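Written out below as structure tokens is the structure these notes cover.
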Amino acid sequence: MSKRHGGQAGLAVTLALLIGLGVSACSDEAPQEPSPVPSSSATGTPAPVPSPGEGVSLPPAGAAFDYQLGGAYEPPPGVEVVVRDSTADPAPEAYSICYVNGFQTQPGDHWPEELLVHEDSGEPLVDPNWPDEHLLDISTPANREDIAHRQADTIARCAQAGYQAVEFDNLDSYTRSEGRLELDDAVAHAKLLVEKAHEEGLAAAQKNTAELATRGREEIGFDFAVTEECDRWEECEDFAAVYGAHVLNIEYTDDLRGEPAEICARESTPESTIIRDRELVPDGEQEHAYRSC
């Protein structure tokens, strides 16, 4: 599930934003056709073209997509790319991305104590926004190898299920580690995960973490990016400078930087941008919101 900054806004604000989407909360509006020539900044600078790992394919540049971590459902008309949890089946006839919690535990999963970050009290350190998830201790090469080995089974299942790519969430968990982990730890662990994804024939997506800059692509080997709220936090150009049009961005109805039409019209907004409800609930539920730019 989403791990970005920000919490839930009031119900009245959320409803007002849903009205501003220009579609019903359970919209099946067909996404607009992407423009053929992407740019990496508001200046129109030609975007770089990522070189994917050998034997893997990238999602279509500028394609309409959906982010279905709260539950799988039939994608809206025109959607070509779908992200789903690793426990769900990939979307038929779509480029499918498998969500894997690469840097924290999944709720209900059991991990050895020695592979978890601990507080001074000895208790496992939890993500303050997700109290049922513990941070994985990627501070040593031995731990990183052990953790990556355990996660390799999930990555292999994604490939066997028919996914084309994997998204490793919580790359930025070091920022919530109270100083026990560093960015370099995250980089080293991400490199192991990307290597395992490429071995399975899967492309690998960088999740958020704009501070990586070119390290994500050049040092770790990520093939494209999945970002949350890059418009809200004014980071879209940072990702475009590295991945060009291969950026899938999700904005959330409870914390938009302007009206939906304004967001979609901004030159810095990735072509593959959607506006969703924070909980990412399936189509048919009252809180469901979806709009594609």
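The values are calculated or read from the model by the stated rules, or taken from the named source; none is laboratory data. Predicted model, so just to flag it, every value in this text is computed and none were measured. We place every Cβ from the backbone using ideal geometry, glycine too, and count neighbours over all the protein chains shown. Remember, those area values only see protein heavy atoms, side chains included, never the ligands or the DNA or RNA. Shrake-Rupley method; radii C 1.70, N 1.55, O 1.52, S 1.80 Å.
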- [ ] Give the carbon-plus-sulfur fraction of the accessible surface of segment 67-220 in %, rounded to a whole number; probe 1.4 Å, heavy atoms of protein chains only.
- [x] 45 percent
Task: Ala265 versus Gln160: modelled label distance in nm, points set 7 Å from Cα along the beta carbon direction - done: 5.1 nm
- [ ] Mind jotting down the distance between the C-alpha centroids of segment 213-244 and segment 129-189, whole Å?
- [x] 18 Å
Task: Distance (nanometres) between label positions extended 7 Å along Cα→Cβ at Glu74 and Thr214 - done: 4.7 nm
- [ ] Run the quick spin-label model on Thr140 and Ser57: label points 7 Å from Cα toward the beta carbon, then report their separation in nm to one decimal.
- [x] 4.3 nm
Open item on the list: Taking 0.36 nm per residue of sequence separation and subtracting the Cα-Cα distance, how much length would be gained by fully extending the chain between His118 and Thr87, in nm to one decimal?
Closed with: 8.4 nm
